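The values are calculated or read from the model by the stated rules, or taken from the named source; none is laboratory data. None of the values given here were measured: they were computed from a predicted structure. So basically every Cβ, Gly included, is an ideal-geometry build from the backbone, and we count neighbours across all protein chains shown. Calculation scope for accessible area: heavy atoms of the full protein, side chains included, ligands and nucleic acids excluded. Shrake-Rupley method; radii C 1.70, N 1.55, O 1.52, S 1.80 Å.
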Amino acid sequence: MAQRQSKDQRSYRTSVVIVGTGFSGLGMAIKLKQAGIEDFIVLEKAADLGGTWRDNTYPGCACDVPSLMYSFSFEQNPNWSRMFARQGEISDYLQHCADKYRVRDHIHYGVEFTGAEYDEATQTWRVSTADGTEYVGKALVSGVGALHIPSYPELPGVQDFEGEVFHSAEWNHDFDLAGKRVAVIGTGASAIQFVPQIAKKVAKLHLFQRTPPWIQPKPDRPVPEALQRLFRRVPLVQRAARAALYWTLEARYFAVFNKHLGKLSEHLSKRYIRKAVKDPEVRAAVTPDYSMGCKRILLSSDYYPALNRSNVDLVTSGVAEVRKNSVVTGDGQEHPVDAIIYGTGFHVTDAFDHLTIVGRDGRKLQDAWRNGMEAYLGVAVSGFPNLFFLLGPNTGLGHNSVVFMIESQLNYVLSALRGICRGKVAQLDVRQSVQDDFNSEIQSELGDAVWSAGGCRSWYLDENGVNRTIWPGFTWKYWLRTRKLDPADFEITAARGR
Ligand SMILES: Cc1cc2nc3c(=O)[nH]c(=O)nc-3n(C[C@H](O)[C@H](O)[C@H](O)COP(=O)(O)OP(=O)(O)OC[C@H]3O[C@@H](n4cnc5c(N)ncnc54)[C@H](O)[C@@H]3O)c2cc1C
């Protein structure tokens, strides 16, 4: 177990410091336990574990990849009650994983990681935290999450608004929406889940849309009790069902991102809009004018029907200003509201800007990423030895479960950590040339792909329009590349005496 130096020093020494307790950080902790490595600490700034599924408690919050696939392969859950589990059930699943694999004792709650500095002399990371406690580790693993820091748009005058304001990821459950006039800003993945839920309650819902998403019906339904029983009794059946689902989702990549099949998918979605949305003006407003797949494709069977409600007003003229009790649109119209809810997503490509991470020769991560964030396999950055990113640059997905990507990374990082924790390896630093070749390769694949050339602007792209978030291909290709860590990709320093 990790050693606390002394109460006054407020300093811990350990082999591995992990940051975060979502699928990434928790998964890393479990993998270390499974490998028989006990000397690690997990830092979590919140008071509980669970990441995305602890924070996002808005009405209707659920995964949009079937739960059978949106879970760890080594801890398949036969008890999912629905095809697409809701937030509470996924949160419970993560709690269960923490208990079953006995990682709770390793977690330090309420500890906010603020940065880290690599000490070449001792080949360790000195990790700093908001409350001044220091952690010294031979390796540092970031599982801080890609969709974690809420993004607020700059609405002129919002500081003078007298009503209630909150973000979907920080839902205020104490505020009763019943009978209220509510402005929802944004029509992304979270908004399309909570809009149908709150539309039933509120007196009036003004839904401010900048760009309509492509939406396909969500084939969600309860998992029959008999099937759950079968999964419990014959786990092999569940494994087979998961494998079949995996390949179906992989085929989705083909169906959406192949130009011809993409047109067919667009045609089907437009047909769905025609069927589901009654008002021709609303129908036109929710029909995207960019290629499908350019932004995340969303699944919902109740969002379009919610737009048919007489108390829901889709507004497309843009927010010009916020006044004490209203939102004013570009066309000068004033919409009186009691609350504003942001469904405006997260900081993604700038998510590391507030952390000070200093690698070899005093080089800051921000400087290394001045032209955009990149890492070898999304995991390792040259000049930052023994630092590993989970769900790092260009490892997000638009068509399958990111838990699959995270697990591929966990296995890859574990092979590096084994050597470090067992005292064989002092330092692994990915070669700059390897990192450069990898990134040239993926950027050339991404260059004319739908995310960049599809006629939209999305959170997949950084301020220079470069895609820093998406893995450009099938996930099995990523799995193949991360299955084995090739020592030749790294400058490796053996531990003294080895
Ligand atoms: C509402 C919503 C629905 C989603 N649905 C899907 C889906 O259906 N399918 C899919 O593939 N993906 C989905 N995603 C993406 C989702 O974020 C990932 O699937 C996954 O949960 C990411 O796990 P993570 O552990 O990497 O990050 P997170 O779950 O974000 O966890 C990060 C953890 O790190 C902690 N942390 C962050 N910074 C610090 C710090 N400085 N110091 C200490 N602790 C810190 C946070 O408190 C948090 O606990 C969804 C995302 C959202 C927001």
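Most tightly packed first, judged by the mean number of other beta-carbon atoms within 10 Å of their residues, the peptides 220-229, 268-277 read 268-277, 220-229. For a modelled paramagnetic label at Ala285, 7 Å from Cα along Cα-to-Cβ, the residues of the stretch 299-329 in reach, with backbone nitrogen under 16 Å, are 303-320, 327-329.
Counted over the stretch 269-375, the DSSP beta bridges are approximately 100% antiparallel. For the residue pairs Lys218/Lys477; Lys31/Lys100; Lys138/Lys484; Lys259/Lys477; Lys259/Lys484; Lys180/Lys275, the alpha carbons lie more than 24 Å apart in Lys218/Lys477; Lys259/Lys484; Lys180/Lys275.
Write down the Å³ per residue value for the convex hull defined by the alpha carbon atoms of the stretch 59-127.
Normalising the Cα hull of the stretch 59-127 by residue number yields 166 Å³.
The separation of the stretch 206-241 from the stretch 157-193, counted between C-alpha centres, amounts to 27 Å.
For the stretch 9-65, a/c is not less than 1.5, where a ≥ b ≥ c are the root eigenvalues of the C-alpha gyration tensor, and a/b does not top b/c. That puts it in the oblate class.
With N the number of residues in the stretch 287-342, Rg(Cα) / (2.2 N^0.38 Å) evaluates to 1.42. Charge dipole of the chain (Cα centre as origin; +1 on each Lys and Arg Cβ, -1 on each Asp and Glu Cβ, all else neutral): 1920 debye, rounded to the nearest 20.
How much length, in nm to one decimal, is gained on full extension between Arg457 and Leu264, taken as 0.36 nm per residue of separation minus their Cα-Cα distance?
67.3 nm
Label sites at Glu441 and Ala495, each approximated as a point 7 angstrom past Cα along Cα to Cβ, lie 3.1 nm apart.
Starting from the stretch 136-191, pick out the GluC sites (Glu not before Pro) whose DSSP state is loop and whose Cβ has at most 13 other Cβ atoms within 10 Å.
Glu154, Glu162
Ranked by solvent-accessible area (1.4 Å probe, protein heavy atoms only, all chains present), the residues Asp105, Asp338 order from largest to smallest as Asp105, Asp338. DSSP finds beta bridges in the chain, and of those with both partners inside it, around 45 percent are antiparallel.
With N as its number of residues, the chain has a Cα radius of gyration that, divided by 2.2 N^0.38 Å, comes to 1.01. For the pair Ala244 and Arg82, a Förster radius of 25 Å applied to the C-beta separation gives a FRET efficiency near 0.85, rounded to the nearest 0.05.
Solvent exposure of the chain, expressed per residue, is 43 Å² of accessible area, with all protein chains present and a 1.4 angstrom probe. Only protein heavy atoms count here; on that basis, with a 1.4 Å probe, Lys180 has an accessible area of about 60 Å². Its Cα gyration tensor gives the stretch 1-146 an equivalent ellipsoid. The semi-axes, each the square root of 5 times an eigenvalue, are 31, 16, 12 Å from largest down.
Can you list the aspartates and glutamates whose alpha carbon sits under 20 Å from that of Lys45, skipping same-chain ones fewer than 8 residues off? Excluding near neighbours in sequence, the set is Asp55, Asp92, Asp99, Asp105, Glu112, Glu117, Asp131, Glu134, Glu170, Asp350, Asp353.
With K and R counted +1 and D and E -1, the other residues having a Cβ less than 15 Å from that of Thr52 yield a net charge of -3. Here the stretch 117-203 was treated as a single set of alpha-carbon atoms; its pair distances binned every 5 Å from 0 give 3, 9, 15, 16, 12, 8, 7, 9, 9, 7, 4, 1, 0 percent.
Estimated at 0.36 nm per residue, the fully extended path between Lys484 and Arg431 surpasses their Cα-Cα distance by 17.4 nm.
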